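Asks: The following block contains the structure, expressed as structure tokens.
Every read-out reported here was derived from the displayed coordinates using simple, explicitly stated rules and does not represent laboratory data. Computed from a prediction, not measured in an experiment: that's the story for all the values here. FYI the Cβ positions are ideal-geometry reconstructions off the backbone, even for glycines, and counts take in every protein chain you see.
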Amino acid sequence: MAENKLLASIPRSATEEIHIAISEYKGKKYLDMRVFYTTDDGINWNPTKKGVTFTPDKLDEVKSAIEEAQKELEAQEE
């Protein structure tokens with residue numbers, strides 16, 4: 001089994017993080033965004049069922065949606 005390539009780790013709380021990674025399953029690569037948790041002060045992080053996996057052909061749609069959300073949220077701050 002191939003190792004996941006961690007791209008970002010975003011703290012959610014003292015015991016949870018969102019990991020954004022490139023994962024591989026059955027020889028195909030995917031973008032995986034998943035909540036991980038720790039019970040030992042961050043020494044080990046374990047995946048939860050909370051998350052979503054995207055195939056490469058969906059990345060443009062995901063990127064566009066995130067950019068649109070960023071524009072709307074920044075406009076609200078002004």
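Asks: Please name which of Ser23, Met33, Ile66 has its Cα lying farthest along the dipole of the chain towards the positive end, using unit charges on Cβ (Lys, Arg +1; Asp, Glu -1) and the Cα centre as origin.
Replies: Most positive-ward Cα: Ser23.
Asks: Measure off 7 Å from each Cα along the Cα-to-Cβ vector at Thr53 and Arg12, then give the distance between these two points in nanometres to one decimal.
Replies: 1.8
Asks: List nothing, just return the count: lysine pairs in the stretch 5-77, 8 or more apart or interchain, with Cα separation under 23 Å.
Replies: For the stretch 5-77, the number of qualifying lysine pairs is 24.
Asks: Report ³J(HN,Hα) in whole Hz for each residue of the stretch 59-66, in order, from the Karplus equation J = 6.51 cos²θ - 1.76 cosθ + 1.60 where θ = phi - 60°; Gly and Pro get x.
Replies: 5, 4, 5, 5, 4, 4, 5, 5
Asks: List, in order, the whole-Hz ³J(HN,Hα) value for each residue of the stretch 22-34 obtained from phi through the Karplus relation with A = 6.51, B = -1.76, C = 1.60 and θ = phi - 60°; use x for Gly and Pro.
Replies: 8, 10, 10, 9, 6, x, 10, 9, 9, 9, 10, 10, 9
Asks: How compact and how long is the stretch 5-77, expressed as Rg and Dmax of its alpha-carbon atoms in Å?
Replies: Spelled out, the Cα radius of gyration and Dmax of the stretch 5-77 are 14.4, 44 Å.
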